Amino acid sequence: MDKSRIVITGIGLAAPGADTLAAFRANLLAGKSGVATVELRYMGLHPAGICSFDETRYRRKKDNKRGTRAGCIGVYCTGEALKDSGIDIGTHYAAARTGIYVGLTEHGTVETENEVYNIGRYDHNVDYWTHHHNPRTVLNNPAGEITMCFGITGPHYAIGAACAAGNAALIQGLQMLRLGEVDLALCGGLSECVGSFGIFASFRAQGALAAHADPTRASRPFDLGRNGIVIAEGGCMFTLERLDAALARGAKIYGEIAGYAINSDARDFVLPHAPRQSECMELALKRAGMRPQDIALINTHATGTRQGDIEECKAIRATFADCPNTCVNNTKSLIGHAMGAAGVLELAGNLPAFTDHLAHPTINIDELDPACALPNLVYGRARELPQLDAILNNSFGMLGINSVLVVKRFLA
């Protein structure tokens, strides 16, 4: 059997409003927002996506306290992914042949802000600075916390790719499996961004932080009245296996990763560029051996910023100009922007469409921006998709990094 075929066999997640894939999918199909409010140091109340999950299901409260919020989310999601896949480390795969690849937009900001605030209460005496700060803030921290919890002795590291990081981590896991570096890849993305007032303040300074009297209506990609990003925390981890190994152990298969691409705009610090996004989608399709017409559903990256949404719509029009049956949706309208976890949470939320044949809706579009009026944009309510064999997942980030995944229905 072709050992280059890589499949998704387990999903574990913590999303705003849901801590299982089943609950997440139900919320998405119902158009139920997971956005609430968070009270920020120096900034007061703001819309945000907050996660609630069993934080001590896989490790002790003491270990959570010593570690980070991102590490806590990562441990939970990894444990849930392993349970979902039916994989037992040491039985199905050797600990030394298991790799951890975690996508992050940023890491260490929350811990640094907290320590600066803490010593401020003691006349900035650094004797009160925690000795845990360094291991908490190194970029590989969340991935390393996962290895310690589950006794995984293979490689672990972080993929820093702004808000394209979740997709990039899946691509890294796939490549390591194909290279034979590991036999099992645990990969995904994490975000603890709601713990940082600085991230909120920075988006507000850029004029890109969403505001609305009703937090559930604040995230409004494609709406004419959109005014920015709703920041969210969360995480999603996948188990990736070579197809032959997955079949040998009788695994259920969510889908097969058929194509992928990463490229760069090489143009601006924050403004995206439609031609490069279009090229990224086209390269992912080429690697998948597919035409644009083969894609039944596109999950957009659109964050609710004015120009960002427009640029992605331009890119989609350019690539999918002759695709009357390709539907388009957006997940951030329901959960906010989970940064490094965004791409993988959004992919996870759409994968059940292979089974239920539904595209979940985009919500909060009161008046569709004409510049974002894509054909077959699914909004308001879910739409039935009788023929759904492939999903394309867009995930783009600052400094002009673009990542695209194509996942197809598994066929033996």
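The values are calculated or read from the model by the stated rules, or taken from the named source; none is laboratory data. Computed from a predicted model, the values in this text were never measured in an experiment. Cβ sites come from the backbone with ideal geometry, for glycine too, and all protein chains shown count toward neighbours.
Things to note:
- Residue match in segment 7-24 (condition: touching a helix residue (DSSP H, G or I) at 6+ places or on another chain (Cβ under 9 Å), surrounded by fewer than 21 Cβ atoms within 10 Å (Cβ to Cβ) and either in a helix (DSSP H, G or I) or among the hydrophobic types (A, V, I, L, M, F, W, C) (or both)): no
Matching residues to (1) assigned to a loop (DSSP other than H, G, I, E, B); (2) crowded, with 23+ Cβ neighbours inside 10 Å; (3) not basic (K, R):
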site	(1), (2), (3)
E106	yes, no, yes
V110	no, yes, yes
Y122	yes, no, yes
T130	yes, no, yes
L139	yes, no, yes
P142	no, yes, yes
I152	yes, yes, yes
Y157	no, no, yes
A165	no, yes, yes
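- Selection from segment 66-113 of residues that are at pLDDT 95 or above and of a type in the set (D, E, K, R): R66, R69, E80, K83, D84, D88, R97, E111, E113
- Residue among N325, N227 that is among the polar types (S, T, N, Q), in the same structural domain as A81 (by TED's automatic domain parsing) and assigned to a loop (DSSP other than H, G, I, E, B): N227
- Only one of the numbered conditions (1) over 21 Å from Y58 (Cβ atoms); (2) assigned to a helix (DSSP H, G or I); (3) in contact (Cβ under 8 Å) with a residue 12 or more places away in the chain is not met by G173, and that is (1).
- Residue within segment 118-128 that is in contact with a Ser or Thr (Cβ under 7 Å, 6 or more places away or on another chain) and modelled with pLDDT of 95 or more present: no
- Pick from segment 380-398, criterion assigned to a loop (DSSP other than H, G, I, E, B) and of a type in the set (D, E, K, R), ranking: surrounded by the most Cβ atoms within 10 Å (Cβ to Cβ): D389
- Which listed residue is closer than 15 Å to A302 by Cβ, hydrophobic (A, V, I, L, M, F, W, C) and touching a residue at least 60 places away in the same chain (Cβ under 8 Å), from A338, A348: A338
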